[in-house]
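Remarks on the structure that follows.
The values are calculated or read from the model by the stated rules, or taken from the named source; none is laboratory data. Keep in mind that what you see is a predicted model, and the values were worked out from it rather than measured. Backbone-built Cβ (ideal geometry, glycine too); neighbour counts: all protein chains shown.
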Amino acid sequence: MACPSPSKPPGTYSSAAEVKEKIMYDKILVTLDGTSTDRAIIEHVKKLAKLAHSRLVLLHVADGWAARTYGSDAVSREIAEDTAYLSRIQAEFQSADIPADAELAYGEPSEEIVKWVEKKGCDLVAMSTHGHRFLADLFLGTTASRVQHRISVPVLLLRAK
């Protein structure tokens, strides 16, 4: 990480490269499942993105029958609702002056999140968790657990209340 030169006051940089290097989380992938648990990660990431001057990608994985069967060609009420939800959350971040893109993927959530990270890259994955207990996680598995064990970037897990 670049530091300002000793002759400059703290917080000043001599080049755009120094500023760019200073950004710890340039691109944060925020996974959303379209439930009330999303609110926890949304509110947390708003603060983090402001502090880190990050840009966001909001990702929701449609996993209903149509989405799993037809992928991006799927047309269903679920897809329409998911698209509208992503647009609302994207507008919420943008109104807070946080750059955010929204993407919809299709299929099994943990697989699609891992594919997205591998293909497009990010500095951090931010996810809400449902807060299951040990036995439920052991038998059911969790999207968060599956993702964090398969990617090499940091994963921020925030338990929803």
*asked:* Please determine whether any residue of the range 85-95 is of a type in the set (D, E, K, R), assigned to a helix (DSSP H, G or I), within 17 Å of ILE41 (Cα to Cα) and modelled with pLDDT of 90 or more.
replied: yes
*If you take the residues in the range 71-84 that are in contact (Cβ under 8 Å) with a residue 12 or more places away in the chain and out of contact with any strand residue (DSSP E or B) (no Cβ under 7 Å at 6 or more places or on another chain), which one is nearest to LYS50 (Cα to Cα)?*
GLU81
_Looking only at the range 45-69, and only at residues there that are closer than 19 Å to ASP101 by Cβ and not aliphatic (A, V, I, L, M), the one that is surrounded by the fewest Cβ atoms within 10 Å (Cβ to Cβ)_ = LYS50
*asked:* Which pairs turn up if I take residues in the range 39-51 that are under 9 Å from ALA126 (Cβ atoms) and look for partners that are surrounded by fewer than 20 Cβ atoms within 10 Å (Cβ to Cβ) with beta carbon separation below 6 Å, at least 6 apart in sequence or on another chain?
replied: ILE41/LEU158; HIS44/LEU158
*Can you find even one residue in the range 37-58 that is in contact with a His (Cβ under 9 Å, 6 or more places away or on another chain), closer than 22 Å to VAL114 by Cβ and either at pLDDT below 90 or outside any helix (DSSP H, G or I) (or both)?*
yes
_When the residues of the range 133-161 are narrowed to those that are small (Gly, Ala, Ser) and at pLDDT 80 or above, which ends up surrounded by the most Cβ atoms within 10 Å (Cβ to Cβ)?_
ALA144
